[in-house]
Amino acid sequence: MPTLAEARALDAADPIGGYRKQFALPPGVVYLDGNSLGALPLGTAARLGEVIRREWGEGLVRSWNPKENGGADWIGLPRRVGAMIAPLIGAQADEVIACDSTSVNLFKLIAAALALQKTLGCPRRKVVLSEPGNFPTDLYLIAGLETQGLAERRLAPVEALEAALDDSVALLLLTHVHYKSGAMHDMARLTHAAHAAGALVLWDLSHSAGAVPVDLGGCEADLAVGCGYKYLNGGPGAPAFAFVARRHHDALHQPLTGWMGHAAPFAFTDDYAPAPGIDRLLTGTPPILGLAALEEGVRLIAEIGVERLSAKSRALSEFLRAAIAQVAPDLPCISPEGPGPRGSQLSYRHPQAYAIAQALIARGVIPDFREPDVLRLGLSPAYIRFEDGWHAAQALGEVLASGEWERAEFKARAAVT
Ligand SMILES: Cc1ncc(COP(=O)(O)O)c(C=O)c1O
């Protein structure tokens, strides 16, 4: 039976509990939406101030150059941030780059995988296999490439994915941790099954990076993408990241062949030649303010380390699940239970989940809602305390028992849910 005293004892014994002080969390708010927009690291404002005042204001265009040329190494930021993300996802430093949005990186890598199959001698493989209910942007991007005549979209439910891997499949594209339920795919098993069928694999790590262990290298994954603004705390609209296994670097050609992905961008030649290695994933001028903010977020998460983060995430989710079971025993939890793998969230189903989320927000507990009936409680292990979990459970119990969610103001849908 979880109690407030127990929550406080767990917080006192939490080896990473001290990191909460490094985030700007408003007093009186329990923030359970770090899997949508991560909290603000305290170092970010100072860093952005420095980038704006000194690097931009004084350094001006000189700041693009590496330090040894008297600059602030803006040109190196996408690679530098990528290298910091790499250990969080089981990759080598030169296999990851921070750039563009997750959606744009998905476009580049799906198209590149289809082209790579041609290079590998399988030009007829055009199917991109995914699952129904995957995050919409992943499904829309496959559909977009289908409209261009480049891909063919096939969706199969989780239990039928392996059977759907026939010799027409070019790429298996899955989100490692499901955004709604928090269910986690078996990355090693599915990657090996895809390879055995001659398909490549692209993992969307948006709900994994910085929260749960990921071993792209150990699983021999080919490609991956992920968000910078969730558990990596890069800020609203932060650049995303992309991973390409080193063995594919030379043969991988992405279609957004902008000048920043050129082997010699400042040679200004008429013909495109891809940069060696992961740099060829770049397209246009990197967004320096966004990358500098992302670097601060990733620095903290990398310092804590994924093992400590995932251990805390598991303990927190077990505590919260037990606390909610105590106050709302009939509320169905759709997130996986038990010792098996899962993401860093708990999701509950209720026909009035939207209104319940709004009523919780009015009480200072911020969860989110996902269509049609999911109340999502994200547990960012770097800054959420057990005590937050306890308060959130009490608030949820009270909102359900009092029926306060029935108020009209909680039912009116905002533009962003
Ligand atoms: C699994 C997943 N993939 C992709 C995205 C979209 O990323 P972006 O907005 O950077 O394109 C999200 C956003 O929430 C997501 O949850």
Inset, instruction - Kindly list, by first and then second residue, each pair from a residue in the stretch 136-163 that is farther than 18 Å from K180 by Cα and without any contact (Cβ under 8 Å) to a residue 12 or more places away in the chain to a residue that is surrounded by 15 or more Cβ atoms within 10 Å (Cβ to Cβ) and among the aliphatic types (A, V, I, L, M), limited to pairs with Cβ atoms under 8 Å and residues at least 6 apart or on different chains. - result: A163/A156
Legend entry - Some residue of the stretch 30-44 being at pLDDT 95 or above and surrounded by fewer than 13 Cβ atoms within 10 Å (Cβ to Cβ): no
Inset, instruction - Scan the stretch 296-330 for residues that are over 16 Å from A7 (Cα atoms) and in contact with a Leu (Cβ under 7 Å, 6 or more places away or on another chain) and jot them down. - result: G297, V298, I301, A302, V306, A328
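For the stretch 204-221, name all the residues that are within 14 Å of the ligand (Cβ to nearest atom) and among the charged types (D, E, K, R). So that I can check it myself, show each step before the final result.
Kept after step one, since they are within 14 Å of the ligand (Cβ to nearest atom), are these residues of the stretch 204-221: 204-212, 214.
The one that is within 14 Å of the ligand (Cβ to nearest atom) and among the charged types (D, E, K, R): D204.
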Inset, instruction - Only one of these is within 16 Å of the ligand (Cβ to nearest atom), surrounded by fewer than 24 Cβ atoms within 10 Å (Cβ to Cβ) and not hydrophobic (A, V, I, L, M, F, W, C): P236, P157. Name it. - result: P236
Legend entry - Residue in the stretch 163-175 that is under 21 Å from R314 (Cα atoms) and within 16 Å of the ligand (Cβ to nearest atom) present: yes
Legend entry - Y19 being crowded, with 16+ Cβ neighbours inside 10 Å and in contact with a Ser or Thr (Cβ under 8 Å, 6 or more places away or on another chain): no
Inset, instruction - Kindly indicate the residue of the stretch 222-233 that is assigned to a loop (DSSP other than H, G, I, E, B) and within 16 Å of the ligand (Cβ to nearest atom) and also surrounded by the fewest Cβ atoms within 10 Å (Cβ to Cβ) among those meeting that condition. - result: Y229
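The rows are residues; the columns are (1) buried (at least 24 other Cβ atoms within 10 Å of the Cβ); (2) within 16 Å of the ligand (Cβ to nearest atom).
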position	(1), (2)
I89	yes, yes
A93	no, no
S101	no, yes
Q117	no, no
R124	no, no
F135	no, yes
I142	yes, yes
T147	no, no
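Examine the stretch 304-323 for a residue that is of a type in the set (D, E), more than 30 Å from D14 (Cβ to Cβ) and under 22 Å from the mean Cα position of the chain (by Cα), and state whether such a residue exists. Full working, then the answer.
Quick first cut of the stretch 304-323, residues of a type in the set (D, E) only: 307, 318.
Now narrow it down to the ones that are more than 30 Å from D14 (Cβ to Cβ): none.
No, there is no match, as no residue in the stretch 304-323 is of a type in the set (D, E), more than 30 Å from D14 (Cβ to Cβ) and under 22 Å from the mean Cα position of the chain (by Cα).
Working only within the stretch 239-249, note down all residues that are more than 9 Å from the ligand (Cβ to nearest atom) and in contact with an Asp or Glu (Cβ under 7 Å, 6 or more places away or on another chain). Give the steps one after another, and end with the answer.
Taking the stretch 239-249 as the starting set, the residues that turn out to be more than 9 Å from the ligand (Cβ to nearest atom) are 241-249.
Those that are more than 9 Å from the ligand (Cβ to nearest atom) and in contact with an Asp or Glu (Cβ under 7 Å, 6 or more places away or on another chain): F243, V244, A245, R246, H248.
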Inset, instruction - For the stretch 193-203, state whether one or more residues are closer than 27 Å to P372 by Cα, in contact with a His (Cβ under 7 Å, 6 or more places away or on another chain) and within 12 Å of the ligand (Cβ to nearest atom). - result: yes
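Return a yes/no flag: does the stretch 348-363 have any residue that is small (G, A, S), outside any helix (DSSP H, G or I) and modelled with pLDDT of 95 or more. Even if it seems obvious, please write down each step before you answer.
Within the stretch 348-363, the subset small (G, A, S) is 353, 355, 357, 359, 362.
Going one step further and asking which of them are outside any helix (DSSP H, G or I), we end up with none.
No - not one qualifying residue is present in the stretch 348-363.
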Inset, instruction - Return the total of residues in the stretch 48-76 being loosely packed, with under 12 Cβ neighbours inside 10 Å and part of a helix (DSSP H, G or I). - result: 9
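Checking the condition touching a residue at least 40 places away in the same chain (Cβ under 8 Å) and either of a type in the set (G, A, S) or at positive phi (or both), which residue from A415, A408, A395 passes?
Exactly one of A415, A408, A395 is touching a residue at least 40 places away in the same chain (Cβ under 8 Å) and either of a type in the set (G, A, S) or at positive phi (or both), namely A395.
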Inset, instruction - Could you tell me whether the stretch 64-86 includes any residue that is without any contact (Cβ under 8 Å) to a residue 12 or more places away in the chain and polar (S, T, N, Q)? - result: yes
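The values are calculated or read from the model by the stated rules, or taken from the named source; none is laboratory data. Keep in mind the model is a prediction, meaning the values are calculated, not measured. Because the Cβ atoms are built from the backbone with ideal geometry, glycine has one as well, and the counts that use them run over all protein chains shown.
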